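Here the structure comes first, spelled out in structure tokens, and everything after it is commentary.
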């Protein structure tokens, strides 16, 4: 599902797609749907299905300009640990992309309830790519140490805008 982005007046979302075809439709009905007759990023009412390959995408749709884009991304970030889901016994708390700065790689997890415990950040509910904090300084290290938490409700921000020096902030609500 795409969400309306008030900052840029478009619809955006992070979507996992399978190999195949797709279209955009309004209000979960087919009476208003859009495809792309020329495979050029321009939407036409009732147009041809869009061919897609499997992956995770940032999908952007601008109905005012009748355009769309599919930007494949590698990672969707989550929080895992004894402070949240017993190290993966349930799905990770999933971050959402901060659309207020679409060119920055910033992810936000709002109003997450943490327990006394530890956590890490990982990509795609898997351990292939995970980050911790070796120095407790807000700088993330790949495979770094667990981050200690105190029970409470938090907003957590991950900033991967500088891939060589990713950071995080934790603010108690």
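The figures follow:
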{"read-out": "Residue 1/residue 89 FRET efficiency (R0 22 Å; Cβ-Cβ; nearest 0.05)", "value": "0.25"}
{"read-out": "Net lengthening on full extension, residue 110/residue 137 (0.36 nm per residue, minus Cα-Cα)", "value": "7.6 nm"}
{"read-out": "Net lengthening on full extension, residue 96/residue 157 (0.36 nm per residue, minus Cα-Cα)", "value": "21.0 nm"}
{"read-out": "Candidates 126, 29, 83: whichever shows maximal mean-square fluctuation once the chain is modelled as a Gaussian network with Cα springs under 10 Å", "value": "29"}
{"read-out": "Cα gyration tensor shape of the range 3-73, rounded if a/c is under 1.5, else prolate or oblate by comparing a/b with b/c", "value": "rounded"}
{"read-out": "Mean Cβ neighbour count within 10 Å, used as a protection proxy, ranking 159-169, 60-70 highest first", "value": "60-70, 159-169"}
{"read-out": "Square roots of 5 times each gyration tensor eigenvalue, C-alpha, the range 78-173, largest first, Å", "value": "19, 15, 13"}
{"read-out": "Approximate spin-label separation residue 125-residue 56, in nm, with each point projected 7 Å along Cα-to-Cβ", "value": "1.1 nm"}
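FYI, it's all coordinate maths here, none of it is from the lab. Please read all numbers here as calculations on a predicted model, not as lab measurements. For neighbour counting, all protein chains shown are included, and Cβ atoms are generated from backbone atoms with ideal geometry for every residue, glycine included.
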